[in-house]
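Notes follow the structure.
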Amino acid sequence: MLNEFKEFIARGNVMDLAVGVIIGAAFSKIVTSVVEDLVMPIVGALTGGGFDFSNYFLPLSANVTATSLAAARQQGAVFAYGNFITVLINFLILAWIIFLMIKVVNRVRASVEKQKESEPAAPPPEDVRLLSEIRDLLKQRA
């Protein structure tokens, strides 16, 4: 079983996946910072200043009287829709960035494929050319 595990780990796909997960985690932090530190303050300024989605909630209990989400959660159940909006914006930005990255990669791939197609084919080796001529001469005689 240990040998099978070593073979599994040594495969290129597993290592690629591990690198992807690590890069994805770091990228997620960048997107979270973009949303919380750049996008949300602009949205707040456009909607009347001081707008902070993270503290928007609906109390689900009569015991909840706090005005901040953290304090309200300590008092009872809350419906934290503001946090959901922030997470949704994070997701949309991340999805948009991934879409743009894939679009660029596809464009590069297409240009590489086009370049390969436009390159002239290498002439066949001499022996293949001679055999083709012999074949063509034999077809003419038949």
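The values are calculated or read from the model by the stated rules, or taken from the named source; none is laboratory data. It should be emphasised that the depicted structure is a prediction, and the values quoted were computed from it without experimental measurement. Here the Cβ positions follow ideal geometry from the backbone for every residue, glycine too, while neighbour counts run over all protein chains shown. Only protein heavy atoms, including side chains, enter the accessible area calculation; ligands, DNA and RNA are left aside. Shrake-Rupley method; radii C 1.70, N 1.55, O 1.52, S 1.80 Å.
Tabulated values for the structure
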| quantity | calculated |
| --- | --- |
| Where a residue in region 120-133 is open to solvent by less than 100 Å² (accessible area, probe 1.4 Å) and its partner, wherever it lies, is assigned to a helix (DSSP H, G or I), with Cβ under 9 Å and at least six apart | PRO124/SER132 |
| Any helices (runs of 4 or more DSSP H) falling wholly within region 1-78 and containing at least 1 residues that are in contact with a helix residue (DSSP H, G or I) (Cβ under 6 Å, 6 or more places away or on another chain) and more than 27 Å from ILE98 (Cα to Cα) | 69-75 |
| Candidate set from region 1-59 (those that are at pLDDT 85 or above, under 30 Å from GLN75 (Cβ atoms) and not hydroxyl-bearing (Ser, Thr, Tyr)); member that is farthest from the chain's Cα centre (by Cα) | PRO59 |
| Yes/no for ALA95 being modelled with pLDDT under 85, aliphatic (A, V, I, L, M) and loosely packed, with under 10 Cβ neighbours inside 10 Å | no |
| Qualifying positions in region 1-50 - closer than 15 Å to PHE91 by Cα and among the β-branched types (Val, Ile, Thr) | ILE30, VAL31, THR32, VAL34, VAL35, VAL39 |
